[in-house]
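Every number here is computed from the coordinates shown, using simple stated rules; none is lab data. As the structure is a prediction and not an experimental result, all values here were calculated from the model. Backbone-built Cβ (ideal geometry, glycine too); neighbour counts: all protein chains shown.
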Amino acid sequence: MSWDSNLFKIQKVKERSALNWELEILDGQFIHVGQILFGLGILLATWLSIAILRRAITNPNFIIDKIGKKRRITIFLIVKYLGWFASIFISLHVMGADITGLMLGSTALLVGLGLGLQNIFKDLVSGLFLLFEGSLKIGDIIEADGVVGKVEEINLRSSEVLTRDDVTIIIPNSKFVAEKVVNWSIDNESVRFTVNLSVAYGSDVEQVFACLEESMSEHELIAKKPIPFVRFTEFGESALEFEMMFWSSSTFRIENVKSDLRRSVYKKLTKYNLHIPFPQRDIHIKGVDHVVDFKPKEKN
């Protein structure tokens with residue numbers, strides 16, 4: 001029993017099982033239907049295994065919960081890409097494809113493409129470095145080119161970063177490897193921040209310290225340890241200069257924390273009659289012998 005066409009041929013061999021039918025893909029070259037199904041089964045099993053692994057590794061009660069969630073996701077991405085790579089080659093081998101020839105052909109093809117697609121291959125290699133080194137992980141807060149954002153996805157060629165304006169930008173991976181990027185989350189979840197403040201000369205310095213320290217201790221998003229503190233930094237031209245130093249894990253929305261802190265400080269300073277000065281300048285005009293009164297005249 002046989003069925004012929006211009007594209008391929010299927011013929012039944014001696015065994016009656018449909019899995020032993022052969023598909024002619026080239027002139028004189030046949031592949032068993034069973035081999036095709038087995039290869040597709042390997043790909044399907046890979047897809048299911050990766051889906052199960054992703055669900056398990058992101059579960060907070062996972063067996064390796066001592067490993068941070070960001071690190072677990074990085075490990076998952078490495079396993080995912082290596083798993084698909086191995087699965088595709090095993091499937092081709094099961095189907096009877098000549099993998100050695102395919103690899104040699106792929107090498108020659110990559111060399112040819114590399115001459116014209118250098119930037120793309122640089123991004124691909126950089127993506128592998130990021131995944132294996134773990135210097136950049138999903139959920140990290142980074143700063144690149146003055147833009148602060150949260151890493152949402154790390155792909156082989158590029159990464160997706162969500163800015164504070166809720167805009168997603170696509171950044172080539174080579175930028176993270178070759179250029180300076182600040183990672184606020186690489187060592188510790190809490191990062192130190194500073195808010196500067198000026199008060200008028202003649203203010204009670206000890207009362208200023210008390211107001212600033214109290215404002216920081218009352219904010220729920222400011223860490224209690226390390227303990228936030230205040231510095232008296234400078235005798236300015238027209239004001240006393242202070243710094244509020246504190247740690248917070250709310251790095252992505254830290255500007256909101258700073259805004260709340262300034263509002264609280266202003267209320268406390270006003271309560272104790274402590275003033276934030278504004279710049280003042282005395283202007284002397286040569287050739288003017290009398291003082292000019294710029295105040296508007298009162299209406300009758």
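Per-structure values
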quantity: Neighbourhood charge, 10 Å Cβ-Cβ cut-off, centred on P228 and excluding it, Lys, Arg +1 and Asp, Glu -1; calculated: +2
quantity: Per-q log10 I(q)/I(0), the range 191-271, q = 0.17, 0.25 Å⁻¹ (Debye; single scatterer per alpha-carbon; no solvent); calculated: -0.63, -1.25
quantity: Rg [Å, one decimal], Dmax [Å, integer] - the range 133-183, C-alpha atoms; calculated: 9.7, 29
quantity: In range of the label at R263: residues from the range 211-232 whose backbone nitrogen is under 16 Å from the point 7 Å along Cα→Cβ; calculated: 215-216, 218-222
quantity: Above-threshold pairs, the threshold being 23 Å between Cα atoms, out of K80/K122; K175/K258; K180/K224; K122/K180; K150/K268; calculated: K175/K258; K180/K224; K150/K268
